[in-house]
Structures are given as structure tokens and as C-alpha cells.
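Q: Have a look at this one before I ask anything.
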Amino acid sequence: MNQHLPISRVINLIATESQRLWEVDESEARHRLLASDVGQVLALDGSFALVAQDGERVLLARSLDRPLRYFLAKAVDGPVLIVAERIDEIAAELARHGWSEQFHPSYTRMVPAHHVTTLRLVGCPDPNPVHRRFFDPPRGTLSPDLDAIGRR
């Protein structure tokens with residue numbers, strides 16, 4: 001098998017009904033994610049684990065309270081990206097396709113909270129992700145006095 005086949009498909013195991021977006025629907029949230037403007041992702045209000053694809057580019061983002069893992073499997077017709085909240089869901093999906101021998105928990109990757117993770121799915125092994133933080137509050141704004149910090 002050619003090691004540089006384009007991505008065959010993305011299997012998104014995140015249930016649509018699990019998204020808890022307060023001001024927009026999941027389609028609009030994915031549209032904002034694809035815009036590559038982290039400010040638009042920051043403006044999303046709620047609890048989410050999002051996946052959006054534009055050709056070989058796949059973007060993933062999650063709020064702090066939601067896990068979001070991915071695994072790049074090798075298939076005869078090209079690589080397959082599997083995205084899920086839990087490692088056991090990824091393992092079960094691999095088993096459904098007869099790819100269990102590829103699985104090891106350490107091969108899964110977690111999308112960091114409050115980041116947009118961009119994958120360019122151009123082949124195996126794992127792509128080289130780019131992480132851009134969308135929630136980045138200022139640091140060092142309080143005095144080092146712990147009592148003052150406690151009162152605030």
C-alpha cells in the first residue's frame with residue numbers, strides 16, 4: 001500500500017445530540033470552525049466537541065468539559081480518521097472494520113481543550129497537527145500576594 005494516499009474518509013462518532021450549543025446549531029459551529037478564525041470559535045457558547053472537514057483539511061475543537069480523541073487507521077483504500085469522545089469507542093470502530101490489530105491506546109491523540117487542531121490528512125503515519133488556542137486569557141494580572149488573590 002502506498003504510504004501517502006489521501007484520506008479515504010472521516011468517521012465521526014460524536015453524536016450530534018450530544019452538542020450543547022446555546023446560540024448556534026452544530027452546522028453553524030462547524031462553519032465557524034472551518035473559517036480558521038479562532039475568534040469565531042471562542043464566540044461559541046456551550047459544551048461542544050466539533051469536527052469539520054474541507055478536503056484533506058480536518059479541524060477539531062472542544063470545550064474544556066468534553067473529550068475529543070482521534071486515531072488514523074490504515075485501510076486498503078487509504079487512511080481513515082476516526083474521531084470519538086472515548087478510546088473504547090475508537091477500539092470498537094476499528095474492530096467493526098477488522099482493523100483491531102492496528103489499535104493501541106497510546107496511538108490515539110487527544111485534542112487539547114480550548115484549541116483548534118488542524119490535521120492535513122495526506123497519509124499515514126499520524127499527520128502532524130497544528131494547535132491554535134482560542135481561549136487565552138491574560139496571565140500575571142494579579143499581584144503575587146496570595147491573600148489579595150484570595151480576597152478577589
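Here, each number is a calculation from the coordinates, and none is a lab measurement. What you see is a predicted model; the values in this text were computed from it and never measured. Here Cβ is always computed from backbone atoms with ideal geometry, including for glycine, and neighbour counts include all displayed protein chains.
Q: For segment 1-86, state what percent of all Cα-Cα pairs lands in each successive 10 Å bin, counting from 0 Å until the bin that includes the largest distance.
A: Final binned percentages: 17, 47, 27, 9, 1.
Q: Just want the ordering: Glu93, Glu56, from fewest to most Cβ atoms lying within 10 Å of their own Cβ.
A: Least crowded to most crowded, the residues run Glu56, Glu93.
Q: Please report, in Å, the Rg and the Dmax of segment 40-152, where both are computed over Cα atoms only.
A: 18.0, 62
Q: Per DSSP H run of n ≥ 4, the term is -39500 (n - 2.57); total these for the chain, divide by its residue number, and report the mean residue ellipticity at 222 nm rounded to 500 deg cm²/dmol.
A: -5000 deg cm²/dmol
Q: Using the beta-carbon distance between Ile149 and Ala113 and R0 = 25 Å, what value does 1/(1 + (r/R0)^6) give for FRET efficiency, to the nearest 0.05?
A: So the FRET efficiency works out to roughly 0.60.
Q: So which trypsin sites (Lys or Arg not before Pro) in segment 61-149 end up in coil per DSSP with only 14 or fewer other C-beta atoms within 10 Å?
A: Of the trypsin sites (Lys or Arg not before Pro), the ones in loops of segment 61-149 whose Cβ has at most 14 other Cβ atoms within 10 Å are Arg86, Arg139.
Q: By DSSP, what percent of the beta bridges with both residues in segment 9-151 are antiparallel, rounded to the nearest 5?
A: Here the antiparallel bridges make up roughly 85 percent for segment 9-151.
Q: Let me spell out the model: positive unit charges on the Cβ of Lys and Arg, negative unit charges on the Cβ of Asp and Glu, origin at the Cα centre of segment 33-94. What dipole size does that give, in debye rounded to 20?
A: The dipole of segment 33-94 has a size of about 140 debye.
Q: Compute the helix-to-body angle for 87-96: its Cα long axis versus the longest principal axis of the chain, expressed 0 to 90° and rounded to tens.
A: Compared with the principal axis, the helix lies near 20 degrees.
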